[in-house]
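Engineer: This is the structure I have questions about; it appears just below.
The values are calculated or read from the model by the stated rules, or taken from the named source; none is laboratory data. On a predicted model such as this, the values are computed, not experimentally measured, just so you know. Positions of Cβ are generated from backbone atoms using ideal geometry, with glycine treated the same way; all protein chains shown enter the neighbour counts. With ligands, DNA and RNA removed, areas are computed over all heavy atoms of the protein, side chains included. Shrake-Rupley method; radii C 1.70, N 1.55, O 1.52, S 1.80 Å.
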Amino acid sequence: MKTNTDRILSIMKFLFWLVFIGLCIKTGAIILSFIISLFSRSEAAGDLYLGLNLAELHQNHFWYFICLVSLIIGLSAMKTYIAFLVTKIFTKINFDTPFNNTTAHLLTKISHVALGAGILALIANAYNMYLFKRSLIVLSAQSFVEGSREFLFLAGIIFIIAQIFKKGVDLQSENELTI
């Protein structure tokens, strides 16, 4: 009979697979619409993804457009990669001995990617504000580049958890040697 924790973990595994697939679709849609907008006129940039209207920026300042959309794509790809790493944890973890090097390594990798996403979000947010202050765009891209503080906070928490897992691996190895 499954315990309550096993059910919760099964549900979380399923939900993270859904999140991962959704983020893959989002990132792919942004990349595809970006590529189409590069080879067409600015109409394609009018609704890049979920109402993101960068048609004026595309028409008047093409390189600014490329930089902003590249930052948005990079941030979306990093979120997708974090979700992938979480799904990988669910496939690799052994709940009988959860403190292992693989889990600790994946948690460390997630913290590094979250730190990178936070830094990229800071850069994208600053670039978006730069374009806004120069009156090149309205704040339409704001919802796509925000969240830098949250990613930095997440990176710190996950890094601490990864260090605890590494210490757990060391203690588990030490106990196995003692026995």
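Engineer: In segment 98-110, which residues are under 20 Å from the mean Cα position of the chain (by Cα) and either in contact (Cβ under 8 Å) with a residue 60 or more places away in the chain or open to solvent by 40 Å² or more (accessible area, probe 1.4 Å) (or both)?
Structural biologist: Passing the criteria: Thr103, Ala104, His105, Lys109.
Engineer: OK, next. Could you count how many residues in segment 2-60 are surrounded by fewer than 14 Cβ atoms within 10 Å (Cβ to Cβ) and either at positive phi or among the acidic types (Asp, Glu) (or both)?
Structural biologist: Result for segment 2-60: 4.
Engineer: Say whether the condition of being of a type in the set (Ser, Thr, Tyr) and touching a residue at least 12 places away in the same chain (Cβ under 8 Å) is met by at least one residue in segment 128-138.
Structural biologist: no
Engineer: Next question, about the same structure. For segment 127-143, state whether one or more residues are among the β-branched types (Val, Ile, Thr) and modelled with pLDDT of 85 or more.
Structural biologist: Looking through segment 127-143, none of the residues is among the β-branched types (Val, Ile, Thr) and modelled with pLDDT of 85 or more.
Engineer: With the requirement that a residue be open to solvent by 10 Å² or more (accessible area, probe 1.4 Å) and closer than 18 Å to Gly28 by Cα, what does segment 61-82 give you?
Structural biologist: Ile66, Cys67, Ser70, Leu71, Ile73, Gly74, Ala77, Met78, Lys79, Thr80, Tyr81, Ile82
Engineer: Suppose we filter Leu38, Leu48, Leu54 for residues that are in contact (Cβ under 8 Å) with a residue 40 or more places away in the chain and under 28 Å from Val113 (Cβ atoms); which single one remains?
Structural biologist: Checking each option against the conditions leaves just Leu54.
Engineer: Has segment 12-25 got any residue that is hydrophobic (A, V, I, L, M, F, W, C), in contact with a helix residue (DSSP H, G or I) (Cβ under 6 Å, 6 or more places away or on another chain) and within 26 Å of Met129 (Cα to Cα)?
Structural biologist: Checking segment 12-25: at least one residue is hydrophobic (A, V, I, L, M, F, W, C), in contact with a helix residue (DSSP H, G or I) (Cβ under 6 Å, 6 or more places away or on another chain) and within 26 Å of Met129 (Cα to Cα).
Engineer: Pairs only if they're at least six apart or on different chains, beta carbon under 9 angstrom, first in segment 1-23 and acidic (Asp, Glu), second modelled with pLDDT under 85; list them, first residue then second.
Structural biologist: Close Cβ pairs satisfying both conditions: Asp6/Phe95.
Engineer: Turning to a different aspect of this structure: Within segment 114-127, how many residues turn out to be closer than 21 Å to Tyr81 by Cβ, among the hydrophobic types (A, V, I, L, M, F, W, C) and without any contact (Cβ under 8 Å) to a residue 40 or more places away in the chain?
Structural biologist: Qualifying residue count for the region: 2.
Engineer: Let me ask another. List the residue pairs whose Cβ atoms are under 9 Å apart, where the first residue sits in segment 69-97 and is more than 17 Å from Leu50 (Cα to Cα) and touching a residue at least 60 places away in the same chain (Cβ under 8 Å), the second is open to solvent by 40 Å² or more (accessible area, probe 1.4 Å) and basic (Lys, Arg), and the two are 6 or more positions apart or on different chains.
Structural biologist: Filtered contacts from segment 69-97: Thr80/Lys26; Thr87/Lys13; Phe90/Lys13.
Engineer: Helices (runs of 4 or more DSSP H) wholly in segment 1-117 with at least 2 residues that are closer than 30 Å to Lys167 by Cα - which ones?
Structural biologist: Per the criteria, 4-39, 62-92.
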